[in-house]
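I have placed the structure first, in the form of structure tokens, so that the comments after it can refer back to it.
The values are calculated or read from the model by the stated rules, or taken from the named source; none is laboratory data. These numbers were taken from a predicted model, which means no experiment stands behind them. Please note: Cβ atoms are built from the backbone with ideal geometry, for glycine as well, and neighbour counts cover all protein chains shown. Ligands, DNA and RNA are excluded from the accessible area calculation, which covers all protein heavy atoms including side chains. Shrake-Rupley method; radii C 1.70, N 1.55, O 1.52, S 1.80 Å.
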Amino acid sequence: MMEPAVSCDVAIIGAGPAGGHCALLLADAGLHVRLIDEASEPGGQIWRAPLPGMAVLPSPDHKEGEALREALRASTVELMAGHRVWSVGRADCAGADGFTVCAVGPEGPLTVRARRLVAATGAFERVVPFQGWTLPGVMGLAAATILMKSHGVVPEGPVVVAGAGPLLFAVAASLTKLGEPPAAVVDMDRRRDWLRRAPGLASAPRLMARGLRWMASLVRAGVPVVSGASVRAAHGSTRLQAVEIGPVDRSGAPRKGSVRTLEAHSLTVGHGLTPGGEVAGLLGASRVHDPVCGGWVTETDEAGRTSVPGFHAIGDCAAVRGAVLAETGGKLCAHGIAQDLRRPLRAAITPLRKAIRRQSHFADVIGRALALRDGQVEAIPSDVIVCRCEDVTRSELDAAVDRGGADVNQVKHFSRCGMGPCQGRVCGEVAATLIAQRLGLKRPLVGLFTPRPPLRPVTLDDLVGDFTYNDIPIPAPAPL
């Protein structure tokens with residue numbers, strides 16, 4: 001079967017706050033835009049749409065998502081929902097300008113050719129491994145939000161919510177609103193850490209007020225918040241039964257103090273986010289390591305232009321900065337592309353630049369709260385699995401380094417860490433930090449996993465489809 005191909009001026013991968021608003025402005029400029037997303041509806045993780053017939057959890061995020069979806073339906077943007085992008089590259093025709101995007105959708109494989117390419121693929125949740133973190137019943141904070149936003153259901157209680165950052169309290173408040181108040185919220189930060197951040201958080205009063213409402217709902221429901229603590233272990237035979245928690249210092253390392261065991265059938269846990277930079281990596285865009293922005297970030301200008309001409313990276317896939325900055329960054333990207341293609345936008349750009357400066361202070365404060373903590377990584381026990389896809393333990397990573405693994409790709413070769421379906425998206429930042437610590441190097445010096453297609457797991461059947469030998473193009477024989 002010959003793979004069909006379609007063309008456009010701009011292809012955008014990811015229909016969240018950044019990609020969706022970028023697409024809307026570019027369409028207003030008269031450009032042909034294709035917006036590609038795995039989900040059945042736009043919105044991304046933060047503005048995720050509920051599944052048809054499912055109860056809606058009322059929230060500002062839902063309202064923002066509905067507004068975006070309505071605007072896209074009324075626009076000329078060609079939405080390619082339910083399409084999984086598995087590879088990207090420069091246009092392969094001699095002299096062609098632009099990019100190719102290979103995707104698999106409801107009708108099979110499809111190639112999109114575009115003059116400009118925008119990656120707006122968001123971020124991935126980071127979970128620092130602990131004993132029992134692979135037990136059924138243990139899930140990421142993001143997974144819990146998907147259950148609640150898309151399905152209107154909560155994890156089986158009692159539920160313990162643990163980790164770092166404001167998403168802890170967002171998840172706990174949502175559980176409470178849906179009638180399943182958590183048994184406890186276990187926050188790695190101490191109360192005085194949040195008080196110290198208060199002046200920076202106040203730079204975004206609307207977001208700060210939302211966080212205070214989350215806290216107030218937990219107080220009203222009598223949900224205990226254990227501060228300055230983290231999960232030491234998850235216990236259970238075939239599924240989660242209890243969570244062991246204990247105090248930690250500011251680096252995330254365990255410290256002396258009472259250790260408690262809480263009954264739990266579900267544990268939702270998260271320790272920050274890492275940029276989803278696979279598209280940038282596959283295209284060879286320049287990246288640098290910035291812990292405050294999640295790890296390896298793509299170097300861009302204000303319009304998301306990267307070191308690869310014609311390729312833009314915006315939102316959390318470029319640098320983890322949150323939904324508000326992602327939306328503003330998407331609009332700035334649209335201005336840049338429209339200018340490059342000589343289709344200037346009527347909307348003013350100055351207010352967007354001012355908004356970026358105003359919003360960045362809040363993002364910096366949250367970014368520092370979510371940065372990977374060295375002490376927490378260093379304390380991972382030797383028998384704990386770090387790479388879930390390939391069942392690689394901490395001790396196996398250490399042994400790979402001791403055999404001569406001097407960077408993440410050598411250790412990957414020796415241990416298979418990062419070779420599974422997630423390609424290191426889950427384990428990569430933690431594994432690299434462990435390698436750097438064992439070698440006594442700074443984190444950036446051990447590098448990052450070399451990206452390879454497929455960007456997402458796809459079946460061979462999806463790519464090949466149905467065909468006969470008559471469908472295979474056979475060139476005419478060369479003349480004698």
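Ignoring lysines fewer than eight residues from K63 along the same chain, the ones with Cα atoms less than 23 angstrom from its Cα are K149, K177, K331.
Taking only C-alpha pairs under 8 Å that are 6+ residues apart, what is the relative contact order of the range 177-273 in percent?
On the way: 123 pairs, mean separation 24.9, N = 97.
Relative contact order of the range 177-273: 26 percent.
A Cα-only calculation for the chain places Rg and Dmax at 23.0, 87 Å.
Extents of the range 315-358, taken as max minus min of Cα coordinates on every principal axis and listed largest first, are 30, 21, 11 Å.
The overall shape of the range 24-148, judged from the alpha-carbon gyration tensor, is oblate: a/c is not under 1.5, and a/b is no greater than b/c.
Over the chain, with the other protein chains present, what is the accessible area per residue in square angstrom, probe 1.4 angstrom?
On the way: 21570 Å² over 480 residues.
Averaged over the residues of the chain, the accessible area is 45 Å².
Taking each pair of distinct Cα atoms in the range 180-229 once, what is the resulting Kirkwood hydrodynamic radius in Å?
Mean inverse Cα-Cα distance, inverted, gives 11.8 Å.
The Stokes-Einstein estimate for the range 218-305, based on a Kirkwood radius over Cα pairs and taken at 10 °C with 1.306 mPa s viscosity, is a diffusion coefficient of 96 µm²/s. Taking the three principal axes of the alpha carbon atoms in the range 425-477, the coordinate ranges are 59, 26, 12 Å, sorted in descending order.
Can you send over the carbon and sulfur percentage of the accessible area for the chain, probe radius 1.4 Å, protein chains only?
Working: 12050 of 21570 Å².
Taking all protein chains in place, the chain shows 56 percent carbon and sulfur surface.
When the helices of the chain are scored as -39500 (n - 2.57) per DSSP H run of n ≥ 4 and the total is divided over every residue, the value at 222 nm lands at -10000 deg cm²/dmol.
With an 8 Å cut-off on Cα pairs and a minimum separation of 6 or more residues, tell me the relative contact order of the range 323-461 in percent.
18
For L201, the solvent-accessible surface with a 1.4 Å probe is about 20 Å², rounded to the nearest 10.
Loop only by DSSP, 11 or fewer other Cβ within 10 Å of the Cβ. Give me the trypsin sites (Lys or Arg not before Pro) in the range 409-459 that pass, ordered by residue number. It would help to have the intermediate numbers written out before the result.
On the way: sites: K412, R416, R425, R438, K442; in loops: R416, R425, K442.
Loop-located and lightly packed - K442.
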